[in-house]
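Below is one structure; the comments refer to it alone.
What follows draws every value from the coordinates through simple rules; no lab data is involved. Computed from a prediction, not measured in an experiment: that's the story for all the values here. As a convention, Cβ positions derive from the backbone with ideal geometry for all residues, glycine included, and neighbour counts pool all protein chains shown.
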Amino acid sequence: MTPDPTFWSKLARKYAAQPIANPEGYQNTLDRTISHLKPTDTALEIGCGTGSTALLLAPHVAHITATDLAPGMIEIAEEKLAEEKLDNVTFKVAEVLDHQAADGPYTVVLAHNLLHLVPNLNRALARINDLIEPGGLFISKTVCAPRNAGLKFALMRRVAIPVMQLIGKAPFVEFMTAETLEQKIEAAGFQIIETGDQSGMVLSRYIVARKI
């Protein structure tokens with residue numbers, strides 16, 4: 001299975017108009033990420049959506065390239081960039097495996113709310129590792145399966161989402177445990193140096209990992 005840019009492009013305007021579901025959680029993630037950035041960093045954000053996070057991180061790095069597989073998302077990101085008038089941000093249409101090692105190396109790669117939507121995660125993590133310079137950082141926040149999954153989550157995972165996928169109303173999604181996600185990141189050549197959880201019906205796992 002390959003990611004569907006058309007699905008996300010159709011959602012772009014509606015997605016951009018929606019308020020942040022958890023403003024406190026988003027700000028916490030933003031602050032923690034900024035604490036790891038340096039003014040000399042060259043950053044890459046994969047799965048940037050409509051670009052809001054990239055624009056907020058831009059003042060804290062030398063340059064940030066932000067990509068998304070959906071042209072509709074990048075179109076809105078470019079509109080936001082035109083309003084902000086920042087000169088150290090580049091938006092591009094690309095999915096994870098479109099990125100080539102020759103594009104880097106980057107000192108930091110970011111992937112927020114993305115990894116659970118990637119069909120071949122092991123291959124994607126290997127590509128991300130290739131993009132980062134030795135000692136550089138991979139910072140991610142990923143929706144994971146809750147540690148104590150109840151009936152509501154089980155029905156969503158096994159019934160609601162598959163039905164919506166059949167009618168084109170939901171993308172590929174894999175709810176792995178946070179522990180499984182960390183194992184995959186470590187197997188791709190990273191050392192995890194910081195983690196954190198944002199709880200809810202599903203778990204969002206924040207991970208900072210250093211390329212070995």
> Being farther than 22 Å from Gly25 by Cα, of a type in the set (D, E, K, R) and over 17 Å from the mean Cα position of the chain (by Cα), is that true of even one residue in the range 153-160?
Replying inline: yes
> Is there a residue in the range 161-184 that is hydroxyl-bearing (Ser, Thr, Tyr) and farther than 17 Å from Cys48 by Cβ?
Replying inline: yes
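Scan the strands (runs of 3 or more DSSP E) fully inside the range 1-118 and keep the ones with 3 or more residues being crowded, with 19+ Cβ neighbours inside 10 Å.
Where strands (runs of 3 or more DSSP E) fall fully within the range 1-118 and carry at least 3 residues being crowded, with 19+ Cβ neighbours inside 10 Å, they are 42-46, 63-68, 106-112.
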> Does the range 92-109 contain any residue that is polar (S, T, N, Q) and in contact (Cβ under 8 Å) with a residue 60 or more places away in the chain?
Replying inline: yes
>> Here are the criteria: (1) surrounded by 12 or more Cβ atoms within 10 Å (Cβ to Cβ); (2) on the phi > 0 side of the Ramachandran plot. Tell me which single one Gly168 does not satisfy.
In response: (1)
> Being touching a strand residue (DSSP E or B) at 6+ places or on another chain (Cβ under 9 Å), more than 14 Å from Phe190 (Cα to Cα) and charged (D, E, K, R), is that true of even one residue in the range 103-110?
Replying inline: yes
